[in-house]
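*Asks:* Structure in structure tokens, see below.
Please treat every number below as a calculation from the coordinates, not as lab data. Everything quoted here is computed from the prediction, not taken from an experiment. In this analysis, Cβ positions are derived from the backbone assuming ideal geometry, glycine residues included, and neighbour counts consider all displayed protein chains.
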Amino acid sequence: MSGSYSILDIAPPGSPPPAIGSGRASGPPSDEHPEAWQQSHLIKNPATDEPGIRTGKAMNRAGGISNISAGGNHTDIVWYSDDLGKSWQVSSARLQGVDESSLAELSDGSIFISLRLTADLKNKPCNCRAYARSQDGGVTWGPIEFSTDLPASECEGAVAAPTEGAGAGKLYFSNPSNALVRENMTVHSSFDGGKSWPRAIVVDPGPAAYSSLLPLLGDEVDTLGLLYEHGGTGCPTPLYGNITFVKVPAVFWE
């Protein structure tokens, strides 16, 4: 690889100061090999003034999602940076009743956010995922809508929007696809920017939980990389003690 990179990591409020190159963010970015990473800098959540971020990628800016839980009420707030994380701006929207969300830029330039529904969201129509869209790079957000064809218990999920190869122009989503329990790790695909999800491949039918999904590059540009928690033989804990990386073809429905 070539180019300049910054690493953003998650750290809960109240945690001790980070070590070099870890913690909340590394920067300024390095143009060299990993051993050349420079001193890390503390980034604070602009909504709460506390350390800790959840990161995504939106347009040419860095995007983050912070979750605030007070009295059992969950709220996701999107914030963004146009200077490699040196400063951050907060979106005007407060997405109520959701948490553990994931961002992706669609081929039309809009930003898609996939949302985990929580028990405090009133009158939710299904045990499923929800989503919202931004037409201005995350500054403002449209209303929360529901993906009734994406069954989900209360668990994190991940979205990816490849810009190259067979997956270009499509949107992908990974989660334990079950409305009641955390099992059946699945990668879904959408051809209309997340309005519907007609295709899916089951990666692991057993117990499974959190995942991270990304498009691969180079010789594997037609492939998605999926890192996920799961159970299985030799698992040190009953359900999710294993973490596995698998490759999924971007055209798995053919």
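*Asks:* Using the crude model of +1 on Lys and Arg Cβ and -1 on Asp and Glu Cβ, and no other charge, please compute the dipole size for the range 105-218 relative to its Cα centre, in debye to 20. Mind dumping the intermediate values first?
*Replies:* Numbers: 9 positive and 12 negative charges, 44 e Å.
Dipole of the range 105-218, to the nearest 20 debye: 220 debye.
*Asks:* If you count, for each residue, the other Cβ atoms within 10 Å and average over each peptide, how do 134-147, 202-215, 175-188 line up from highest to lowest?
*Replies:* Ranking, from highest mean packing down: 175-188, 202-215, 134-147.
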